[in-house]
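Scroll down for the structure; my scribbles are underneath it.
The values are calculated or read from the model by the stated rules, or taken from the named source; none is laboratory data. Worth saying up front: this structure is predicted, and the values here are computed from it rather than measured. Every residue, glycine among them, receives a Cβ derived from its backbone with ideal geometry; neighbour counts consider all protein chains shown.
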Amino acid sequence: MAAPARRRRRRAPPFARILLLGFFLVFVFVPLYWMFNTSIKPSDDYLAIPPVWFPDAPTLVHYQAALFTYRGLEGLINSLIISLSATVLSALLGTLMAYSLARFNTGGQHLSFWVLSQRFLPPIGIVLPVFLIYRNLGLYDTHLGMIFAYTVFTLPVSVWMMFAYFRQMPRSMEEAALVDGCTRWQAFLRVAVPLAAPGIVAAAVFAFIACWTEFFFALILTSQNAFTLPTVFRAFIGFQGAQYGEAAALAMVSLVPSIALGVLAQRHLVRGLTLGAVRG
Amino acid sequence: MAQVRIAGLSKHYGSFEAVRGIDLDIPDGEFTVLVGPSGCGKSTLLRTIAGLEEASDGTIEIGGEIVNDLRPRDRDVAMVFQDYALYPHMTVARNIGFGLRARKMPRAEVAARVDEAARMLGITRLLDRYPRQLSGGQRQRVAIGRAIVRSPRVFLFDEPLSNLDAQLRDEMRSEIKRLHQEIATTMIYVTHDQIEAMTLADRIVLMRDGLIEQQGSPLELFERPVSTFVAGFLGSPRMSIMPGTLARTGAGPVIRLGETLLPLPRAPAGDERPVLLGLRPEHLTRAQGPAPAEGSCRVEAVIELIQPTGSRSYATFRLAGEPVMAELQAHDVSRPGERMEIDVNMARASIFDAGTERAI
């Protein structure tokens, strides 16, 4: 009874479904296409009326300008170094911290919430002291300084996500491993971590995206050396007018790692974000 | 193979005392069942033996060696968990061999021992599957396989059958019993199910509020419970327990229940006083012959409730106002309201002090 009824309901309104999905696709992809289009249009076509949907003479000059003249490539490399390092550190430390909180009740019942509460403070509240400290320690405008800042910055959410993940995992599997012949470390590495992989991957992807798009700290804590991709965009909008082509070109470039990461981690992400909903 | 000796063992969680100074000697090769209601400390005791909980006080000795400070892996025990605790990311073969690999045993020997364990449990064809592809009974077999493959000194079972349905539970119960007869290793088994306790145990340790209430062979506990708690916990249907008075008459000692006098074959120690009389259903049978047998007495009954089980029927009637259950032959009784004579075997009755609820 139930199965045919469901099938009928699923099949029922194809037109409405297609319309809705179509509208959504347009909503998502038109701005993306507009950006891509702008990045290969000659400057004269930017704001032409009617809009130029298919440029007659596509060009890569904006990419060249954005990457080299405006030092976008350096920003890209800096961003990759800083974001990837911070993500790896955040995942490593976060996994250990979350495991400790979940299994050993470290710091009693309040420490886990305290970790998360670090994100309640608006960054602007600490950015000036951090700037002064960094300048004195020689961390200002260095990769190391930015990696450190971003690790600290993303840890609370990483820890919290993985804490939730570890907490819903039954302890008995690790206990079985302990009795079976593992040390605590082996039980952690051979049983707990593989089982928590979806949670760890999900937390890492979130951390990476947060680092990749972070602007405020990058603006204050870097200048000519460790500047990241988002800060490069400042240069495109000046008092002489906006460099739409260059901005669009750099935006296209900056999308690539996020999309690649999303595709790679997709399988884990879904499981990681649904947490305990799908128990093996 | 090892004996387990527990002395003065306590486990506190903050101010809560889960286990309160337990002494227990388990001889080598014995099947001991820790049984009791939930929260009685039986699982905590087991986990403390495994090393998953640290003892607050007292000592645990396995094979003559005090293991309090040893890590779980160094105690040479194996444990089967209630939720099986199989590693979901490993195949059955890897699950079973995990403990051996963790101890750096050569690959070929691991494979041989895994095959041997799988053969013993009849799960050879499941070796390449993952736990999620197995039924509950199969998972439990794998969990047991993971334990026996290591040939540990002691097996610990933490309510291993409680997630299975009734039929599988019966099946696995006999399998565990057979396993114990085959390998004759010391086994400690925790359950809240008194039937599991009765059928599996060489010795039952009945716990209550973190203490041992009584220990002994299943029949010992069943026939000579030291308290109303033990009497009520073991046996299904439960023992009927009713208040009365221990009195002495010219003809000898009796239990007085209201107007009814039930003569006792032997006199318990002490004066006349209020007591609790405990009768199991099988101590009450339909009267046969002109007079009750030696040690029994005969009472009039009006059957109120009949519960047939096929081979037997449990009939409830009132004895001096208190409900009592008798175990009758299936055809002895046909409908509620029937009158009949019941013989009460007072020789096997349990008598408890009304105040302390301990056996007299």
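Points worth noting:
- Hits in the stretch B:284-303 - residues which are exposed (fewer than 14 other Cβ atoms within 10 Å of the Cβ), of a type outside the set (A, V, I, L, M) and under 17 Å from B:Arg335 (Cα atoms): B:Glu300
- Residue within the stretch B:136-154 that is assigned to a strand (DSSP E or B) and touching a Lys or Arg at 6+ places or on another chain (Cβ under 7 Å) present: no
- Residue satisfying condition, being within 14 Å of chain B (Cβ to nearest Cβ) and at negative phi, within set A:Leu221, A:Leu189: A:Leu189
- Selection from the stretch B:39-81 of residues that are within 19 Å of B:Ala201 (Cα to Cα) and either away from chain A (no Cβ under 14 Å) or in a loop (DSSP other than H, G, I, E, B) (or both): B:Cys40, B:Gly41, B:Lys42, B:Leu45, B:Phe81
- For the stretch A:228-254, residues that are on the phi > 0 side of the Ramachandran plot and in contact with a strand residue (DSSP E or B) (Cβ under 7 Å, 6 or more places away or on another chain) total 0.
- Count of residues meeting criterion [closer than 30 Å to A:Ala249 by Cα and surrounded by fewer than 16 Cβ atoms within 10 Å (Cβ to Cβ)] in the stretch A:74-123: 5
- Of B:Ala78, B:Ala147, B:Ala143, B:Ala93, all but one fail to be on the phi < 0 side of the Ramachandran plot and without any contact (Cβ under 8 Å) to a residue 40 or more places away in the chain; the exception is B:Ala93.
- Test: residue in the stretch B:89-108 that is in contact with a Pro (Cβ under 7 Å, 6 or more places away or on another chain), in a loop (DSSP other than H, G, I, E, B) and buried (at least 16 other Cβ atoms within 10 Å of the Cβ): yes
- Out of B:Asp209, B:Asp170, one residue alone is acidic (Asp, Glu) and under 30 Å from B:Glu65 (Cα atoms). It is B:Asp209.
- Among the candidates B:Ala326, B:Ala267, B:Ala301, residue that is part of a strand (DSSP E or B), aliphatic (A, V, I, L, M) and under 32 Å from the mean Cα position of the chain (by Cα): B:Ala326
- Residue match in the stretch B:84-97 (condition: within 11 Å of chain A (Cβ to nearest Cβ), under 25 Å from B:Arg5 (Cβ atoms) and not basic (Lys, Arg)): no
- Filtering the stretch A:149-185 to residues that are away from every other protein chain (no Cβ under 14 Å), hydrophobic (A, V, I, L, M, F, W, C) and surrounded by 19 or more Cβ atoms within 10 Å (Cβ to Cβ) leaves A:Ala149, A:Phe153, A:Leu155, A:Val157, A:Val159, A:Trp160, A:Met161, A:Met162, A:Phe163, A:Phe166.
- Residue match in the stretch A:195-207 (condition: in contact with a helix residue (DSSP H, G or I) (Cβ under 6 Å, 6 or more places away or on another chain), within 10 Å of another protein chain (Cβ to nearest Cβ), crowded, with 16+ Cβ neighbours inside 10 Å and free of Cβ contacts under 8 Å to residues at least 40 places away in the same chain): no
- With respect to the conditions (1) over 31 Å from the mean Cα position of the chain (by Cα); (2) farther than 21 Å from A:Glu175 by Cα, B:Ser135 lacks only one, and its number is (1).
- Residues being touching a residue at least 60 places away in the same chain (Cβ under 8 Å) and either surrounded by fewer than 18 Cβ atoms within 10 Å (Cβ to Cβ) or on the phi > 0 side of the Ramachandran plot (or both) - total across the stretch B:315-350: 6
- Helices (runs of 4 or more DSSP H) fully within the stretch A:179-246 counting 2 or more residues that are closer than 22 Å to A:Pro156 by Cβ: A:193-213, A:216-221
- Criterion applied to A:Ala248, A:Ala235 was being modelled with pLDDT under 90 and within 23 Å of A:Thr59 (Cα to Cα), and the one residue passing it is A:Ala235.
- Subset tally (residues that are of a type in the set (Val, Ile, Thr), under 22 Å from A:Leu32 (Cβ atoms) and touching a residue at least 60 places away in the same chain (Cβ under 8 Å)) for the stretch A:53-87: 1
- Leading residue by the ranking (nearest to the other protein chains (Cβ to nearest Cβ)) among those in the stretch B:104-137 that are charged (D, E, K, R) and touching a residue at least 24 places away in the same chain (Cβ under 8 Å): B:Arg132
- Given (1) of a type outside the set (Val, Ile, Thr); (2) in contact (Cβ under 8 Å) with a residue 40 or more places away in the chain; (3) over 26 Å from B:Glu220 (Cα atoms), index of the condition B:Gly295 fails: (3)
- Filter result for B:Glu213 (outside any strand (DSSP E or B) and either in contact with a Phe, Trp or Tyr (Cβ under 7 Å, 6 or more places away or on another chain) or closer than 19 Å to B:Arg119 by Cα (or both)): no
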